[in-house]
1. Could you calculate the contour length gain from R144 to A39, that is, 0.36 nm times the residue separation minus the distance between their Cα atoms, to one decimal place in nm?
2. If each residue of separation counts as 0.36 nm, what is the full-extension length gain between R64 and E172 once their alpha-carbon separation is subtracted?
3. What do you get for trypsin sites (Lys or Arg not before Pro) in region 151-202 restricted to DSSP loop and a cutoff of at most 11 other Cβ within 10 Å of the site's Cβ?
4. For the peptides 149-157, 24-32, 54-62, what is the packing order when you average, over each peptide's residues, the other Cβ atoms within 10 Å and list the highest mean first?
5. Go ahead and run the numbers for FRET between K162 and E204, Cβ-Cβ distance against an R0 of 35 Å, rounding to 0.05.
6. On full extension of the chain, what length is gained from S47 through F30, given 0.36 nm per residue of separation minus the C-alpha to C-alpha distance?
Amino acid sequence: MKSFLSWSVIFISTLLTGCASTFTSQVSVFHEWPGNQEARSYIVERSPSQENNPEYKLYEEELRKQLGLHGFQEVRADATPALKIGMQYGTALSEIQVSTPWAPAMYDPFWQTHFSRGYRFWPYSPYYFGGPYYIGRNLDFSVRRYYLHQLEINISDFQNGKKLADIKVSSEQLGQQISEHMPYLIESALKDFPGTNGTTRTVELPLKK
C-alpha cells in the first residue's frame, strides 16, 4: 500500500507540474468556410452591452491582433467589408475535490462548500482495505476551486448575414479572472483556422513569461 501511495503522489505531482508550463483548452469548430474565400476584410460587430464596456474593448484589441496574424484586415467605418466578426465570453464556477492519494480528484460542479478537513461516515466493513473501517473516521481532504473560462467567436458574411464560422473555446483554470487567460483563449480559437468542421480538439499553448 505504501508503494502504491508513493507512486500515486508522484503521478499527481507530475501532472500538476506538466500543466504549469502550458495553457490547455478545448476548441470546438463548426463552419461553412468557402474553399475559395480569399476576401478577409472585416468589421467587429458589438452588442449594445459591449459598446461601452472597457473590458470588452481590451479583449477586442487582442482579437484584432490575432485576426491580423491569420490574414484578416479590418476596414474603415465607411468601407464595405466581406465579413463581420463578433465575440462573447464568460466564466462559470466548477469544483475539483482532492481527497486521499488513491482517489485524488472527484469532480462535482454543484459542490459549494470549501474546507480542508472533515468527517466522512461509512458503514463498518471488515474487508475495506483489508481492515476494519469505523463509522466517523476522520479523513483528510482538500478542495480546489476551478473556473471554467469560455469564449465564442462568430464570423458571418457581411452582405447576407450567413454564419460562416462558429468557434467555441473552454479552459478550466485556478485563476478566477478571465482577463489573465483571454489572450490564450483567442489564440487557441484561431489556431489552424478554419480547422476541421464539426470537431473538438485539445489545444496547448506555451505560457508566456
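Any read-out appearing in this document is the output of simple, stated calculations on the displayed coordinates, not a laboratory observation. The structure displayed is predicted, hence computed values, not measured ones. Because the Cβ atoms are built from the backbone with ideal geometry, glycine has one as well, and the counts that use them run over all protein chains shown.
1. On the way: separation 105, 0.36 × 105 = 37.80 nm, distance 4.65 nm.
33.2 nm is the gain from fully extending R144 to A39.
2. Details: separation 108, 0.36 × 108 = 38.88 nm, distance 2.43 nm.
Between R64 and E172, full extension yields an extra 36.4 nm.
3. Working: sites: K162, K163, K168, K191, R201; in loops: K162, K191.
When the trypsin sites (Lys or Arg not before Pro) of region 151-202 are filtered for loop state and at most 11 Cβ neighbours within 10 Å, K162 remain.
4. Numbers: 149-157: 19.9, 24-32: 17.7, 54-62: 13.3.
Taking the mean over residues of other Cβ atoms within 10 Å, the ranking is 149-157, 24-32, 54-62.
5. On the way: r = 32 Å, r/R0 = 0.92.
Taking R0 as 35 Å, the efficiency between K162 and E204 is 0.60.
6. On the way: separation 17, 0.36 × 17 = 6.12 nm, distance 2.17 nm.
Here the answer is 3.9 nm.
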